2 protein chains.
Amino acid sequence: MGKGADTRERILEIAEASVLAKGFGATSIDEIIAEAGITKSGFFYHFRDKNELARDMLRRYVAEDNRILDEIFARAADLSDDPLQAFLIGLKLFAETLADLPNGHPGCIIASVCYQERLFDREVVEINRQAVEGLNDRFRRYLEAVASVYAPREPVDLDALAEMVTCIIDGGIIMAKVMKDPQRLPNQLLAFRSFVKLLFSEPATAALHVPARAAIAAE
Amino acid sequence: MGKGADTRERILEIAEASVLAKGFGATSIDEIIAEAGITKSGFFYHFRDKNELARDMLRRYVAEDNRILDEIFARAADLSDDPLQAFLIGLKLFAETLADLPNGHPGCIIASVCYQERLFDREVVEINRQAVEGLNDRFRRYLEAVASVYAPREPVDLDALAEMVTCIIDGGIIMAKVMKDPQRLPNQLLAFRSFVKLLFSEPATAALHVPARAAIAAE
DNA sequence: CAATTACTTGACCGACGGTGCGGTTTTGCT
DNA sequence: AGCAAAACCGCACCGTCGGTCAAGTAATTG
């Protein structure tokens, strides 16, 4: 990585932190360049305008987010061949990862962009849409694998359930930030995990009959 | 309501719409006064500064939000004496109310403030915290009433479950906005409702034994 | 060595957020 | 009708912000 790409990366990182703390509209270029130790001309050498900064920042965030999720759920899949167990393990690993963040989750750029839509051009809004769609597709894939083996105990829309993961995370981030208690985010994820467990597996109270086994046999 | 209070209310309404669309930092006073048909001086007659606008806007939003929830869950309590049924009915009524909003839910000021914390003074941040705490308390009360009659089928933290309602709503709002599909918010609420139903009531598959009745007898 | 990359210096612009103050209209009250 | 308070208007002013431009330089790289 050359010197240029290095500075660019630094700008994006500073911008991201600032956007998460005050929003895009209140994030000034002057402030970014002061922290990055460059001049305004230096900034505009790397980015045509603020919207290009937003685009790259968002793309960077989404890519990193997906990288982390890939890693976590790949490891989970390694730990169990059963899709339900793998998904439950993945959710737990994810919750642990979030719980281990020293200052809590810094915030979700996607949510930040969402709440300032009018500030961005169509491309940024579209990137945001695709990012969320990608997350929904991911969790839907996991859940379809689960549903192909276990029958849900209650009729539930798989799409809505897949979307619920992202909703819980975005909502949990807000909950954690507002209540100034980082733990609430992983807690929400674990609560969702209980839901999935309850929906697809045997009840905890006692050993009960059929439904799960029947589906397994069909494999 | 006098003319002054009227103008004030109009300002707050315009500001709220603008904040939800672009965030507080990017909401200009010039824009507000243009839409309200007053001058800048007129604005500053009503509000000392932008932070006072934020305070009043947030308070107004929270009060209205609570009013609506009071109404919905009071009606739900009227429709059933059973706390579980009442809560489930309330969630459904709430989902229907959200589904009936012509242009979808405009956004949550609490979430908006959360994602621009550094822009506000401590008082605004504190109002926000109390608002969320109030919501958590509300849903915790409902759930405690449920849990006093029905034993949960899976060990679950009631606090986390109560917080989940707000998380689902805030997350659902983001999901609906980003995906440009208002229906996703009420869908999330209904998915959560399935969770509660599954957690506390008899399984759908067959009539099963004891746990609920035992708790009822203790009443 | 030459060209490209990655910046700096510095001047500048129009628009906007925000403040302050003095003046004017409107309203309610007696 | 008269008067005070409430509800604004006009306007000047400042700092900041996004963004532009021209010219120059120091370090990489082929």
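Quick rundown of the values:
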read-out	value
P(r) histogram, all alpha-carbon pairs of region A:134-190 included - 5 Å bins from 0, percent	5, 19, 22, 19, 15, 12, 6, 2
Rel. contact order, % - alpha carbon contacts under 8 angstrom, at least six apart, region A:1-47	35 percent
Total charge dipole magnitude, the protein assembly as shown, about the Cα centre, Cβ charges on Lys, Arg, Asp, Glu only, Debye to nearest 20	380 debye
Test item: Cα-centred dipole of chain A, Lys/Arg +1 and Asp/Glu -1 on Cβ, debye	340 debye
Label 7 Å beyond Cα on the Cβ vector: A:E126 copy-to-copy distances, nm	4.7
Region B:33-137: projected area of the alpha-carbon convex hull, averaged over directions, in nm²	8.5 nm²
Convex hull of the protein assembly as shown built on C-alpha atoms - directionally averaged projected area, nm²	24.4 nm²
Overall dimensions of region A:1-47 as given by Cα atoms, namely Rg and Dmax in Å	10.3, 31
Filter on A:K22/A:K197; A:K50/A:K177; A:K92/B:K197; A:K40/B:K180 - keep pairs with C-alpha separation over 28 Å	A:K22/A:K197; A:K40/B:K180
Using distinct alpha-carbon pairs, which all enter the 1/r mean, Kirkwood radius of region B:102-159 in Å	14.0 Å
Accessible surface, 1.4 Å probe, highest first, among residues B:L84, A:L119	A:L119, B:L84
Probe 1.4 Å, protein heavy atoms only - accessible area per residue of region B:56-217 in square angstrom	43 Å²
Cβ-Cβ FRET estimate between B:Q85 and B:S41, R0 fixed at 41 Å, reported to 0.05	0.15
Alpha-carbon centroids, region A:22-46 and region B:96-164: separation in whole Å	36 Å
Heavy-atom SASA rank of B:S41, A:S80 (probe 1.4 Å, accessible area, largest first)	B:S41, A:S80
For region B:56-217: Kirkwood Rh in Å [reciprocal of mean 1/r, alpha carbons]	16.9 Å
Residues B:D6 and B:D49, FRET efficiency given R0 of 25 Å [Cβ-Cβ distance, rounded to 0.05]	0.70
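The values are calculated or read from the model by the stated rules, or taken from the named source; none is laboratory data. On a predicted model such as this, the values are computed, not experimentally measured, just so you know. Please note: Cβ atoms are built from the backbone with ideal geometry, for glycine as well, and neighbour counts cover all protein chains shown. Only protein heavy atoms, including side chains, enter the accessible area calculation; ligands, DNA and RNA are left aside. Shrake-Rupley method; radii C 1.70, N 1.55, O 1.52, S 1.80 Å.
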